[in-house]
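J.: Pasting a structure here, questions to come.
The values are calculated or read from the model by the stated rules, or taken from the named source; none is laboratory data. These numbers come from a predicted model, not from an experiment. Here the Cβ positions follow ideal geometry from the backbone for every residue, glycine too, while neighbour counts run over all protein chains shown.
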Amino acid sequence: MKLSERGAVVTGAGNGIGAALARRLAGAGARVVVNDLDAAAARAVADEIGGVAVPGDAASEEGVTELVAEAGAHLGAIDLYVANAGVGVGPDPRPRSSTGNCPGRST
Amino acid sequence: MTSRFGGRTAIVTGASRGIGLGIARRLVDEGARVCLTARGAEALDEAVEALGGPDHAVAVPGKADDPEHQDAAIATAMEAFGSVDLLVNNTGINPVFGRLIDLDPSAARKMVEVNVLSALAWVRSAHKAWMGEHGGAVVNVSSIAGHQPAPGIGFYGATKAMLSHITADLAVELAPDVRVNGVAPALVKTRFASALYEGREKEAAAAYPLGRLGVPEDVAGAVAFLLSDDAAWITGRTLVLDGGVTLTGGF
């Protein structure tokens, strides 16, 4: 796969399918921004693959705008964008209070 | 990334030029050894040469629907490389162009023989020789003409619809050890399809959202994916490769 040096963003990449996508893209040479609501999970995956964690809510316009701005600053160009984040299985992962921990999964 | 087909052997039928040769080239590039078949011995020899010679490729000339040729090709692949892990049924014929209502039944029977029954026979032979015991992966090259009406090549499309269908049935029969998938390309620039676009390529390409007709490499990439372990959870599917053209109704 010819992904060397491509800039990639994967949303919901703190675990599961998103994390697997991030690993595979990084393995193929891409520079990967790992996004997840769960900041610790995003950082763990980013550390593992040599990517950059940009935690945040990929389901809100504001969150996406911030994500794209920050990812663009890290990557220069966003060549690949994987909109993986979604809900529907398990509890809603969005925090219910500003202090609460993220209760569920984000893929 | 490691090569996806290192140590594996593929048989690619109809591989002296066009899509078949493109597939063979991609598989060799990713580490496979290939056994090529086609009718013309000379073009096959040139293909073997182009793929880097006998360390990478061998060729067995013959007609795809001839059982003796099938046996000879399987035996040659086993002898030269020791396995038949991958099979690409790429051979197809379309000897007539015109309305279904005017179709010559003998031409129709020949298309069924070559496009459908021989593909099935190749799977049977490969399964018997290797895949049944050791596993493997098959890709059948179908056509979007098998998924929707294609004026002028209606019966060709009907045989490809059969091929897509037996792809699904074989996938169920041979799971979990052997995966069977297909690809259904739209217009790909080869000698086989030249009558459909020569002199009017720009007009033909205008109907394609991706702005161009297909090239053999487009098909080769998808076939390599389906044959590889990257597609380990995919079986029975025929992947449409069409530059988006069927999304907008044209083709």
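J.: Which of the residues that make up region B:124-140 are in contact with a helix residue (DSSP H, G or I) (Cβ under 6 Å, 6 or more places away or on another chain) and either among the charged types (D, E, K, R) or surrounded by fewer than 23 Cβ atoms within 10 Å (Cβ to Cβ) (or both)?
T.: Passing the criteria: B:SER125, B:ALA129.
J.: When B:GLY98 is evaluated against the numbered criteria (1) surrounded by fewer than 23 Cβ atoms within 10 Å (Cβ to Cβ); (2) within 14 Å of B:THR37 (Cα to Cα); (3) small (Gly, Ala, Ser), which criterion, by number, is the only one it fails?
T.: (2)
J.: For region A:58-90, which positions are part of a loop (DSSP other than H, G, I, E, B) and not aliphatic (A, V, I, L, M)?
T.: Scanning region A:58-90 gives A:SER60, A:GLY76, A:ASP79, A:ASN84, A:GLY86, A:GLY88, A:GLY90.
J.: Now for a different question. Among the residues of region B:191-214, count how many are over 18 Å from B:ALA150 (Cα atoms) and in contact (Cβ under 8 Å) with a residue 40 or more places away in the chain.
T.: The number of residues fulfilling the criteria is 1.
J.: Next question, about the same structure. Out of all the residues in region B:10-22, is one or more out of contact with any Lys or Arg (no Cβ under 8 Å at 6 or more places or on another chain), farther than 21 Å from B:GLY214 by Cβ and away from chain A (no Cβ under 14 Å)?
T.: yes
J.: Go through region B:101-117 and give me each residue that's surrounded by fewer than 23 Cβ atoms within 10 Å (Cβ to Cβ) and closer than 21 Å to B:LEU21 by Cα.
T.: Hits for region B:101-117 are B:VAL114, B:VAL116.
J.: Look through A:VAL64, A:VAL52, A:VAL45, A:VAL68 and report the one residue that is crowded, with 23+ Cβ neighbours inside 10 Å and away from chain B (no Cβ under 14 Å).
T.: A:VAL45
J.: Could you check region B:164-183 and list, in sequence order, the residues that are hydrophobic (A, V, I, L, M, F, W, C) and within 20 Å of B:LYS128 (Cβ to Cβ)?
T.: Answer for region B:164-183, where residues must be hydrophobic (A, V, I, L, M, F, W, C) and within 20 Å of B:LYS128 (Cβ to Cβ): B:ILE166, B:LEU170, B:ALA171, B:VAL172, B:LEU174, B:ALA175, B:VAL178, B:VAL180.
J.: Continuing with this model, one more query. Please list, ordered by residue number, the helices (runs of 4 or more DSSP H) wholly in region B:1-104 having 1 or more residues that are under 21 Å from B:LYS128 (Cα atoms), more than 15 Å from the chain's Cα centre (by Cα) and not small (Gly, Ala, Ser).
T.: B:67-81
J.: In this structure, does B:THR190 turn out to be among the polar types (S, T, N, Q) and either over 18 Å from B:SER143 (Cβ atoms) or at pLDDT 95 or above (or both)?
T.: No, not satisfied.
J.: May I ask you to list the residues in region B:194-215 that are assigned to a loop (DSSP other than H, G, I, E, B) and either surrounded by fewer than 21 Cβ atoms within 10 Å (Cβ to Cβ) or touching a Lys or Arg at 6+ places or on another chain (Cβ under 9 Å) (or both)? Full working, then the answer.
T.: Of the residues in region B:194-215, the ones assigned to a loop (DSSP other than H, G, I, E, B) are B:197-200, B:207-213, B:215.
If the condition is that a residue be assigned to a loop (DSSP other than H, G, I, E, B) and either surrounded by fewer than 21 Cβ atoms within 10 Å (Cβ to Cβ) or touching a Lys or Arg at 6+ places or on another chain (Cβ under 9 Å) (or both), then B:TYR197, B:GLU198, B:GLY199, B:ARG200, B:ALA207, B:PRO209, B:LEU210, B:GLY211, B:ARG212, B:LEU213, B:VAL215 are the ones that fit.
J.: Could we say that A:GLY86 is of a type outside the set (Val, Ile, Thr), modelled with pLDDT of 95 or more and closer than 14 Å to A:ASP38 by Cα here?
T.: The answer is no for A:GLY86.
J.: Is it the case that some residue within region B:165-174 is farther than 19 Å from B:ALA232 by Cα and either of a type in the set (Ser, Thr, Tyr) or surrounded by fewer than 24 Cβ atoms within 10 Å (Cβ to Cβ) (or both)?
T.: The answer is yes; a qualifying residue exists.
J.: Residues B:ALA107, B:ALA47: which one is out of contact with any Ser or Thr (no Cβ under 6 Å at 6 or more places or on another chain), touching a residue at least 12 places away in the same chain (Cβ under 8 Å) and of a type outside the set (Val, Ile, Thr)?
T.: Unique residue meeting the criteria: B:ALA107.
J.: Then there is this: If B:GLU30 satisfies all but one of (1) without any contact (Cβ under 8 Å) to a residue 24 or more places away in the chain; (2) within 14 Å of chain A (Cβ to nearest Cβ), what's the number of the condition it fails?
T.: The one condition B:GLU30 does not meet is (1).
J.: Kindly indicate which of A:GLY14, A:GLY18 is assigned to a helix (DSSP H, G or I), in contact (Cβ under 8 Å) with a residue 40 or more places away in the chain and in contact with a Ser or Thr (Cβ under 9 Å, 6 or more places away or on another chain).
T.: A:GLY18
J.: Can you tell me which residues in region A:21-40 are of a type in the set (Gly, Ala, Ser), touching a strand residue (DSSP E or B) at 6+ places or on another chain (Cβ under 9 Å) and either within 14 Å of another protein chain (Cβ to nearest Cβ) or buried (at least 21 other Cβ atoms within 10 Å of the Cβ) (or both)?
T.: A:ALA22, A:ALA26, A:ALA30 - these are the residues of region A:21-40 that are of a type in the set (Gly, Ala, Ser), touching a strand residue (DSSP E or B) at 6+ places or on another chain (Cβ under 9 Å) and either within 14 Å of another protein chain (Cβ to nearest Cβ) or buried (at least 21 other Cβ atoms within 10 Å of the Cβ) (or both).
J.: Only residues in region B:225-246 that are over 17 Å from B:PRO185 (Cβ atoms) count as the first member; pair them with residues that are modelled with pLDDT of 95 or more and assigned to a loop (DSSP other than H, G, I, E, B), Cβ under 8 angstrom, at least 6 apart or cross-chain, and list the lot.
T.: The qualifying pairs are B:SER228/B:ARG4; B:SER228/B:PHE5; B:SER228/B:GLU30; B:ASP229/B:ARG4; B:ASP230/B:ARG4; B:THR235/B:ALA175.
J.: Suppose the filter is touching a residue at least 12 places away in the same chain (Cβ under 8 Å), among the hydroxyl-bearing types (Ser, Thr, Tyr) and in a loop (DSSP other than H, G, I, E, B); does B:SER125 pass it?
T.: no
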